[in-house]
Each structure stands twice: as C-alpha cells, then as structure tokens.
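First up is the structure itself, then whatever we jot down about it.
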Amino acid sequence: MRRPLLAVLIFLALGPVPGTRHRFPVDDFRQTAAARPLVFPPATAGSLRFVRGWRLTSPHSLFGGFSGLAHLGEGRFLLVGDNGYATRLTLAEGGTVSEVAIRRLPLPPRNPGSKAFTDVEAVSVDAASGKVWVALEGIDQIWRLNPELTRIESRNRSPQLEPWPTNRGAEAMARLADGRTIVFSEEADDDARGTEALVFAGDPATPGKRALRFFYDAQGKGLVSDAAPLPDGRILLVHRKLGIAPLFTTILAIVDPADIREDGVVRSVAIGRVPEPLRENYEGAAVSVAGGRTFLWLVADDNFNNWQRSLLLQFELVDLPPRRADSKKAAR
C-alpha cells in the first residue's frame with residue numbers, strides 16, 4: 001500500500017496535474033534573474049542555523065526546476081534543472097543578482113515526448129579544473145562536461161547503473177576530497193537492505209568504469225534528493241519526504257564513507273530539518289566554508305508550477321555529531 005500511495009502523492013505534488021497552471025505560457029529568453037530576500041528570523045533546528053534565504057525568479061521560460069546545486073565561490077552558483085538547462089549567477093550580499101547565464105546543457109536533441117536525456121538530477125564541479133560532472137536519472141548515466149558547459153568530454157553507461165529505475169535512479173552525487181565519487185539512487189531498492197548506491201574510484205564518467213556497490217538504509221527519513229561532501233570527509237544527505245500536511249518535509253543527515261563496505265548497509269545520523277515556513281521541494285545541496293564556519297546551501301525544485309517556489313537557503317552547520325573514530329579517540 002505504501003508504494004501506490006507514495007506514487008499518488010508524488011504525482012499530485014510534482015505534476016503536471018490536470019487543471020494545474022504552469023508558468024511561462026509564452027516563450028521568454030531574457031538572461032535576467034532576481035532574488036527576493038525571505039523574511040524569516042534566525043533560528044536553529046538541530047545542527048541547522050538559518051542564516052538567510054531568497055526566492056529566485058526570472059522571466060526566462062526555462063529558469064527553474066532546479067535539481068542540483070554547486071557553490072562556485074563567493075556569491076557564485078551553478079544551478080542545474082531536470083529540464084536540461086543550467087543557470088550560472090552571482091548573488092550579492094544585498095540580494096542583487098548579476099552575471100546571469102541560462103543555457104541548455106550539451107545534451108542530445110530533446111524528444112518532445114520524453115525527458116530522459118534532460119533529467120539532470122545532480123551536479124559536481126572540480127574547483128581546480130572547473131570540469132563539471134552531472135548525473136542523469138532518466139538514462140542513469142554519469143557525464144563529464146567541459147567548464148564552459150558546451151561539450152560532453154566523457155560519459156559512463158555503466159551496467160551497474162542501467163538496472164536502476166528510469167525515474168528513481170541516479171539522484172544524488174558527492175565527489176570526495178580523496179577522488180572518490182559516491183552516487184545514490186532515489187529508490188533502486190529491489191533489495192530489502194535499502195536503496196542502492198555506488199562508489200567510483202576516480203572519474204565516474206570514464207566509459208565502462210565499475211564501482212563498489214552498497215546499500216543505504218534511510219530509516220524512514222524519506223528519499224535521498226541530493227548529497228554534498230563535508231570538510232571532515234563525511235557526506236551530508238538531503239531527504240525528501242512527501243505527506244499530506246505538510247506536503248514536503250526535508251530531513252538532513254550525515255553518513256560516513258568509512259562505514260561503506262561492498263554490499264554492506266550504511267545508515268545516517270539525522271542533524272535537523274528545514275523549518276515549517278521554509279518548506280519546499282529541496283533537491284539541490286552544496287557545502288561551503290568561510291571564516292572557519294561551514295555553510296549548507298539548499299535550492300528547491302519548483303517543477304515549473306505556479307504554486308511552488310525556487311528558494312535558495314543558507315544555513316550554518318553547528319554542533320555536528322562527531323565521527324565515531326573521533327569519539328573513540330576522545331574517550332581514550
């Protein structure tokens with residue numbers, strides 16, 4: 001019963017639903033965007049201390065649907081949408097948006113009846129080279145793009161990714177400092193141990209590259225919608241949980257790659273959730289460090305529905321639970 005009910009909730013929440021109005025009835029490709037500050041008092045929920053947030057808007061017809069986020073530096077962001085478009089922008093302290101570039105990713109020609117080749121669900125950027133990796137859920141492949149996002153440099157059609165469900169496949173990706181890349185499925189869970197995930201040593205877009213498989217047990221937190229590496233080597237996971245009231249619940253948790261074993265089960269530790277007034281369909285996450293403080297950025301997917309919002313939030317991560325190895329050392 002759980003699966004049919006969840007499917008209905010997803011359909012109703014994310015559309016398109018008969019009678020639901022979508023934005024942009026007329027094509028408009030102006031390269032502009034705006035950020036309206038959110039009025040929400042600073043608050044701490046678990047390890048999440050709200051810093052600030054904005055509602056992002058643009059007249060551009062293909063702006064929105066954000067499913068992946070990369071923080072490129074002070075105020076600079078790359079947002080990718082599940083419509084196959086990427087948005088680069090710079091956000092100033094006061095909310096002024098500049099250097100907006102909304103472009104189609106170098107994907108195959110779009111099939112009007114399918115979004116399989118445009119369904120980008122995760123993005124990662126190498127700070128040194130500027131190269132970009134994207135995970136496509138519809139075809140369950142990992143691609144590497146050039147820094148200008150104009151060319152596909154390499155793609156991996158891994159047989160390990162191929163069995164993942166078309167609309168429940170490669171959903172989250174985190175590139176670790178040691179060169180490994182971990183890809184989480186949204187709901188590839190034919191195994192009772194949990195949803196499947198893969199660890200790639202080196203470039204995950206290398207053709208034929210194989211990975212170590214493990215299983216992630218979310219323990220009721222919801223489905224993973226994105227992942228981001230933390231400075232201490234752990235991974236922050238964003239979980240999306242759908243319900244009736246509220247419709248969206250976003251639960252943040254931490255998983256330690258040191259716990260990963262081939263075909264083993266990994267679990268996470270919850271650290272907080274997005275507060276009630278800021279609830280939305282968060283699908284993109286990035287972590288940055290400034291002044292010795294660690295920040296989490298979240299972006300919401302509005303699904304191009306007029307009743308949803310493209311929100312960009314900033315939280316400071318405080319009082320994170322220690323790694324088990326660190327706890328053992330402290331106890332000695």
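Taking into account only those residues within region 282-303 that are assigned to a loop (DSSP other than H, G, I, E, B) and within 17 Å of residue 247 (Cβ to Cβ), which is nearest to the chain's Cα centre (by Cα)?
Ranking the candidates gives 301 first.
Go through (1) of a type in the set (D, E, K, R); (2) under 23 Å from residue 106 (Cα atoms); (3) surrounded by fewer than 23 Cβ atoms within 10 Å (Cβ to Cβ) one by one and return the number of the condition residue 187 breaks.
Going through (1) of a type in the set (D, E, K, R); (2) under 23 Å from residue 106 (Cα atoms); (3) surrounded by fewer than 23 Cβ atoms within 10 Å (Cβ to Cβ) one by one, residue 187 breaks only (2).
I'm trying to understand the selection: among the residues of region 268-295, which are closer than 10 Å to residue 252 by Cα and either free of Cβ contacts under 8 Å to residues at least 24 places away in the same chain or hydrophobic (A, V, I, L, M, F, W, C) (or both)?
Hits for region 268-295 are 269, 270, 271, 274.
Among the residues in region 36-43, are any of a type in the set (D, E, K, R) and modelled with pLDDT of 95 or more?
Looking for residues that are of a type in the set (D, E, K, R) and modelled with pLDDT of 95 or more, one finds at least one in region 36-43, hence yes.
Within region 193-230, work out how many residues are of a type in the set (Gly, Ala, Ser) and under 21 Å from residue 270 (Cα atoms).
8
Quick one: which residue in 49, 76, 55 is closer than 30 Å to residue 270 by Cα, exposed (fewer than 15 other Cβ atoms within 10 Å of the Cβ) and modelled with pLDDT of 95 or more?
Values: 49 fails: exposed (fewer than 15 other Cβ atoms within 10 Å of the Cβ); 55 fails: exposed (fewer than 15 other Cβ atoms within 10 Å of the Cβ).
After applying the criteria, what remains is 76.
From the residues in region 274-320 that are among the aromatic types (Phe, Trp, Tyr) and within 21 Å of residue 62 (Cβ to Cβ), which one is surrounded by the most Cβ atoms within 10 Å (Cβ to Cβ)?
If we take residues in region 274-320 being among the aromatic types (Phe, Trp, Tyr) and within 21 Å of residue 62 (Cβ to Cβ), then 282 is surrounded by the most Cβ atoms within 10 Å (Cβ to Cβ).
Take residue 218 and tell me if it is touching a residue at least 24 places away in the same chain (Cβ under 8 Å), under 22 Å from residue 80 (Cβ atoms) and either out of contact with any Phe, Trp or Tyr (no Cβ under 9 Å at 6 or more places or on another chain) or not hydroxyl-bearing (Ser, Thr, Tyr) (or both).
No; evaluated as a whole, the condition is false for this residue.
Here is a list: 244, 251. Which entry is more than 19 Å from residue 293 (Cα to Cα) and at pLDDT below 95? Talk me through it step by step, then tell me what you get.
Working: 251 fails: at pLDDT below 95.
Sole residue among the options that is more than 19 Å from residue 293 (Cα to Cα) and at pLDDT below 95: 244.
Where in region 49-108 are the strands (runs of 3 or more DSSP E), entirely inside, with at least 1 residues that are charged (D, E, K, R)?
Filter on region 49-108 gives 76-81, 85-91, 97-104.
The values are calculated or read from the model by the stated rules, or taken from the named source; none is laboratory data. All of these numbers come straight from a predicted model, not from anything done at the bench. Cβ coordinates were reconstructed from backbone atoms using ideal geometry, including for glycine residues, and neighbour counts include every protein chain displayed.
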